[in-house]
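The values are calculated or read from the model by the stated rules, or taken from the named source; none is laboratory data. Computed from a predicted model, the values in this text were never measured in an experiment. Accessible surface is based on the protein model in full, side chains and every heavy atom, while ligands, DNA and RNA are left aside. Shrake-Rupley method; radii C 1.70, N 1.55, O 1.52, S 1.80 Å.
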Amino acid sequence: MASAETSSAATSGPRLGLRERKKIQTRQAIRRAAYRLFEKQGYDATPVDQIAEAADVSPSTVFRYFPTKDDIVLTDEYDPLLEAAIRARPMSESPVEAIRQGVLSSMRHVIDSDIAELKQRTRLVSEVPSLRGRQAEGMGESARMLCGVLAERTGRPADDLELRVVIAAVLAAMHEALMRWVERGQTEDLIALIGRTLDVLDRGLTL
């Protein structure tokens, strides 16, 4: 869940300037063009120059926004949504419950805004070895963000071991929920599935 500029951030926060809006539009155009080509001819068979042509930009522009082809899939807007959702939770709520509700809220937003892209992204991560191998990098960024948010809520340092264990467990649980969703043909209710997954953590990993 590595972060990027997002139109959602533009609508929920201060209005962005023209330059920033154009950057977001270009990023989205590249990603949408890439996904159309991936769907048509497969991930490995789609070179960056084809993506650039389909997005009506130069290959150097693609690489300016996405250093590698993998980054087109792995760079997403989920972290800013999740961070904002957790920060919006009442301070009286327990840290773990704030994470739970933040995860569910941000995932509902993702599902409502572009379920087709979410389905394609999760399928690609499941099927393409290079994407699976690099996904840990994005999870590391998400973990640092979440540890920072929880540190503010708890007064603990951001590198506190218990904070890191909780966040690692949440991220691993979400990953397993998404992969289960893919394995079952993406027909299950994803929010319910994530809720069931987080229930396992809530009850203390008992079976």
How much accessible surface does residue 20 have with a 1.4 Å probe, in Å² rounded to 10? 60
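Extension gain residue 126-residue 53, at 0.36 nm per residue separation less the Cα-Cα distance, in nm?
Numbers: separation 73, 0.36 × 73 = 26.28 nm, distance 2.67 nm.
Between residue 126 and residue 53, full extension yields an extra 23.6 nm.
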Options (1) 16.0, 48; (2) 16.8, 53; (3) 17.7, 53 for Rg and Dmax of the Cα atoms in Å; the value derived from the coordinates is listed as (3)
Expressed in nm to one decimal, what extension gain is obtained for the pair residue 63 and residue 159 from 0.36 nm per residue of sequence separation less their Cα-Cα distance? 31.3 nm
Can you tell me the length gained on complete extension of the stretch residue 18 to residue 114, counting 0.36 nm per residue apart and subtracting the Cα distance? 32.2 nm
When ligands, DNA and RNA are left out and all protein chains stay put, how many square angstrom of accessible area per residue does the chain have with a 1.4 Å probe? 53
For segment 126-206, the accessible surface attributable to carbon and sulfur atoms (probe 1.4 angstrom, ligands and nucleic acids excluded) amounts in percent to 53
